[in-house]
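*Asks:* Okay, handing you the structure first.
The values are calculated or read from the model by the stated rules, or taken from the named source; none is laboratory data. Keep in mind that this is a model prediction, so the values were computed, not measured. No Cβ is skipped: glycine too gets one built from the backbone with ideal geometry, and neighbour counts run over all protein chains shown.
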Amino acid sequence: MAKPVQRDISVGIIANPASGRDIRRLTAKASVFPTAEKANMIQRLLGPLGQLGVDRVLMMPDMTGIAAGVLRALQSHHASRLPPWPRVEFLDMQLEEDASDSARAARLIEQAGAALVVVLGGDGTHRVVAAACPELPMATLSSGTNNVFPDLREATVTGLAAALYATGRVPAQVALQRNKRLRISVGRRSDIALVDVCVTRLDHLGARAVWEPASIAELYVSFAEPDAIGLSAIAAAVAPVTRSAAQGLRLQCGSGGRPLLAPIAPGVLATVPVRQAAVMQPGVDYPVAPLRGSIALDGEREIEVDAGEQALVRLELDGPLTLDVPATLAAAARGPGGPAIPFAEPSARGWPHPVDSTTTKEEGDPRDHHAQS
């Protein structure tokens, strides 16, 4: 009888070369996220992935030097005979050098059967991947501007959690969490946002980022954390909304409203007048007030709207799956049979005596030696 073919355990990596480089480096004090650091983060992912048994990594290529840096590191690592890294395969795809590259890479990674994809980018990059492959789990790593949705975490730890999930050591019901999303519909066009949808009075896309408070007409958020930066910080100044809450928040902004101070960009506190605020219930289509302007998704203008067009925003609870790193690591520490190391009895002095020890005083109980000293 033929043995079943065992498939490689695969993980995808998408590192957006353009993340951390938009106009907010000029309009605010946002830092530039260098190419070399993105390549280094990927190397720090490869270590735990390889040591815990991931066979293959599928990586998006680029033309800025991230893939080249990883390739050089692979050659050096192999020559040094260090603990093994997974086999790294660069996706065979044509590069357009825009957001479509991340979407195309996500689809190829999903089609190849990867357990999950590690995404290095900001809110916009994660939005693009989530829109392309809604059910492909993401391990999130911040390398953008506002970074409200992705985790700000050391890549080594994320790689460890990703490997624990990919190899089946921690099940999906523990390792993964479901997120909310916002769906925007304008005529036949439909798109999503993970954090916020901002209706602006600007009738062009331009540099895309929203940094002028006077241009904000309406704001819809899936969650609003008080310690976040970006447009969702405006909503958090009204009423914080957690990621797990089954609701969102919508604001109407403009002259005559209550002035609120919020950190809308790195180093920038802006006063935004808020006229009204209301809870968003899931599954309800909320009509946007008619205007000629543009709609920003997770901080970047993506859709132009004519005065006669109807736009609708809906909160959905069945958004993308993300890796819960703390929960995954905690589950691995507990293990299926409890902690890997037996806990000992409480003791007032020195190291406690293990509960399951069979050592007797005749055999030389270390507590006797401690008492005699």
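*Asks:* Suppose the filter is in a loop (DSSP other than H, G, I, E, B), out of contact with any helix residue (DSSP H, G or I) (no Cβ under 6 Å at 6 or more places or on another chain) and modelled with pLDDT of 95 or more; does G144 pass it? So that I can check it myself, show each step before the final result.
*Replies:* Values: in a loop (DSSP other than H, G, I, E, B): yes; out of contact with any helix residue (DSSP H, G or I) (no Cβ under 6 Å at 6 or more places or on another chain): yes; modelled with pLDDT of 95 or more: no.
Answer is no for this residue.
*Asks:* What number of residues within the range 266-309 satisfy the criterion of being part of a strand (DSSP E or B), closer than 23 Å to A130 by Cβ and aliphatic (A, V, I, L, M)?
*Replies:* First, the residues of the range 266-309 that are part of a strand (DSSP E or B): 268-280, 282, 285-287, 293-297, 300-305.
Still in the running and closer than 23 Å to A130 by Cβ: 280, 282, 285-286, 294-297, 300-305.
Filter once more, keeping what is aliphatic (A, V, I, L, M): 280, 295-297, 303, 305.
Here the count works out to 6.
*Asks:* Across the range 147-169, which residue is modelled with the lowest pLDDT among those that are buried (at least 21 other Cβ atoms within 10 Å of the Cβ) and assigned to a loop (DSSP other than H, G, I, E, B)?
*Replies:* Per the stated criteria, the residue is N147.
*Asks:* State whether the residues of the range 119-136 include one that is under 19 Å from M60 (Cβ atoms), buried (at least 24 other Cβ atoms within 10 Å of the Cβ) and over 13 Å from the mean Cα position of the chain (by Cα).
*Replies:* no
*Asks:* Then there is this: Can we say V129 is under 11 Å from P320 (Cα atoms), modelled with pLDDT of 95 or more and in a helix (DSSP H, G or I)?
*Replies:* Details: under 11 Å from P320 (Cα atoms): yes; modelled with pLDDT of 95 or more: yes; in a helix (DSSP H, G or I): yes.
Yes.
*Asks:* Within the range 182-230, considering only strands (runs of 3 or more DSSP E) that don't extend past its boundaries, which have at least 3 residues that are free of Cβ contacts under 8 Å to residues at least 60 places away in the same chain?
*Replies:* Numbers: elements: 189-193, 196-200, 216-221.
Filter on the range 182-230 gives 216-221.
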